[in-house]
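Peer 1: One structure, pasted below without further comment.
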Amino acid sequence: VPPEGYQWSMDNFASDLKTFMDKVGLQKVHLVGIKLGGRIAIHFAREYPDRLHSVTLVTTPMTLNTLPNDTRDNRPKTMEGKKGVERWARNSMKERLGDVSPEMMEWWIKLYCSHSPRVVSEIYDLAWWTDESTLLSNIRVPALVMDSNVHQPLDKIKKWQTLIPGSKLAAIPGTNEGRQISASMPGACVSALLEFLDELSHKKQ
C-alpha cells in the first residue's frame, strides 16, 4: 500500500506494469485489461507499443461519471473505512455479477473488502474524474474490445471502440448475467479472446 499522498495516475500504473514485465523477463505480451485494468492498458499501449503483440479491453468504461442519478458520494470514501467499502460492494455486486450463487457473491464482496479503504477511495477518485477516450486513436497495436449490452447499449460502446484504428468488437450476449462479464461469463470471454488471438496468429503466417 503506497504511503498517504501518493500520486495515483493511469500512467503510473502503466509504468508499474512495464517494471513488472522487465523484472520477470517478459519482452512482449498480449495484454488483457478488465475494467480499470483496461483503462491502464490503454495508457500502456500508448506509452509502450513495442512491448505489445495486442491489447484486449474487457468491459472497460472510458469514464465512470456517466450513469444517471449516480454521484461520487455514492461510492466508497476513506473516512467510511471498511464499512463503507462493504456497503458499496454489497449494494453493487448484484448488478456486477447477475444471478450467481450466494457463495460466489460473498466471495467477491470479501475480496473487495480486503483492500485498504484509503486506496479504494483514492483509486475511485482517479477512475471517476479521468476519461481515456481521447487516447484511443493513439493505439497502434491490434486491439479487441469485449463487452455486452447488459450495462449499456453496444452502439454506445462502438462509438469509442471504432476510434481505435483497426480494432474489433466482440459482443458477448447476456441475459441474467451482470456487467462484469469476465466474472459472470468467463467461458464466453475466453472463447472470444482465443478467437482473436487465433486470427492474429494466422495473419502472421
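The values are calculated or read from the model by the stated rules, or taken from the named source; none is laboratory data. No experiment lies behind these values; they were computed from the predicted model shown. All Cβ positions, even for glycine, are placed from backbone atoms using ideal geometry, and neighbour counts span all protein chains on display. These area figures cover heavy atoms from the full protein model, side chains too; ligands, DNA and RNA do not enter into them. Shrake-Rupley method; radii C 1.70, N 1.55, O 1.52, S 1.80 Å.
Peer 1: What's the total number of residues in segment 132-144 that are buried (at least 16 other Cβ atoms within 10 Å of the Cβ) and outside any helix (DSSP H, G or I)?
Peer 2: Initially, segment 132-144 is screened for residues buried (at least 16 other Cβ atoms within 10 Å of the Cβ), giving 132, 135-136, 139, 141-144.
Keeping just the survivors that are outside any helix (DSSP H, G or I) gives 132, 139, 141-144.
Qualifying residue count for the region: 6.
Peer 1: Name, by its number, the condition in (1) in contact with an Asp or Glu (Cβ under 8 Å, 6 or more places away or on another chain); (2) among the aliphatic types (A, V, I, L, M); (3) more than 21 Å from residue 44 (Cα to Cα) that does not hold for residue 157.
Peer 2: Every condition holds for residue 157 apart from (3).
Peer 1: Would you check if there is a residue in segment 117-124 being under 17 Å from residue 57 (Cα atoms) and either touching a residue at least 60 places away in the same chain (Cβ under 8 Å) or not aliphatic (A, V, I, L, M) (or both)?
Peer 2: Of all residues in segment 117-124, those under 17 Å from residue 57 (Cα atoms) come to none.
Looking for residues that are under 17 Å from residue 57 (Cα atoms) and either touching a residue at least 60 places away in the same chain (Cβ under 8 Å) or not aliphatic (A, V, I, L, M) (or both), one finds none in segment 117-124, hence no.
Peer 1: If the Cβ limit is 7 Å and pairs must be 6+ apart or interchain, which residue in segment 82-106 that is open to solvent by less than 100 Å² (accessible area, probe 1.4 Å) pairs with which residue that is charged (D, E, K, R) and part of a loop (DSSP other than H, G, I, E, B)?
Peer 2: 84/77; 88/75; 95/179; 96/179
Peer 1: Where in segment 145-205 are the helices (runs of 4 or more DSSP H), entirely inside, with at least 3 residues that are surrounded by 12 or more Cβ atoms within 10 Å (Cβ to Cβ) and small (Gly, Ala, Ser)? Outline the logic, then answer.
Peer 2: Details: elements: 154-161, 181-184, 186-204.
Correct list: 181-184, 186-204.
Peer 1: A further question follows. If the Cβ limit is 7 Å and pairs must be 6+ apart or interchain, which residue in segment 7-34 that is within 16 Å of residue 55 (Cβ to Cβ) pairs with which residue that is modelled with pLDDT of 95 or more and in a loop (DSSP other than H, G, I, E, B)?
Peer 2: What qualifies is 18/48.
Peer 1: Select from segment 5-60 the residues that are of a type in the set (Gly, Ala, Ser), out of contact with any Lys or Arg (no Cβ under 9 Å at 6 or more places or on another chain) and within 21 Å of residue 160 (Cα to Cα) and write down the one among them that is most open to solvent (accessible area, probe 1.4 Å).
Peer 2: So in segment 5-60, the residues of a type in the set (Gly, Ala, Ser) come out as 5, 9, 14-15, 25, 33, 37-38, 41, 45, 54.
Among the residues that remain, those that are also out of contact with any Lys or Arg (no Cβ under 9 Å at 6 or more places or on another chain) are: 5, 9, 15, 25, 37-38, 41, 54.
Subsequent filtering for residues that are within 21 Å of residue 160 (Cα to Cα) retains 37-38, 41, 54.
Details: 37: 28, 38: 0, 41: 2, 54: 1 Å².
Applying the filter and picking the extreme gives 37.
Peer 1: Follow-up question, since we're still on this one. Condition first: among the aromatic types (Phe, Trp, Tyr) and closer than 19 Å to residue 10 by Cα. Can you find one or more residues in segment 181-200 that meet it?
Peer 2: Looking only at segment 181-200, we keep the residues that are among the aromatic types (Phe, Trp, Tyr), and these are 196.
If we keep only those that are closer than 19 Å to residue 10 by Cα too, we end up with none.
No, segment 181-200 has no match at all.
Peer 1: Is it the case, given these coordinates, that residue 123 is assigned to a helix (DSSP H, G or I) and open to solvent by 20 Å² or more (accessible area, probe 1.4 Å)? Give the derivation first.
Peer 2: Details: assigned to a helix (DSSP H, G or I): yes; open to solvent by 20 Å² or more (accessible area, probe 1.4 Å): yes.
Criteria met by residue 123.
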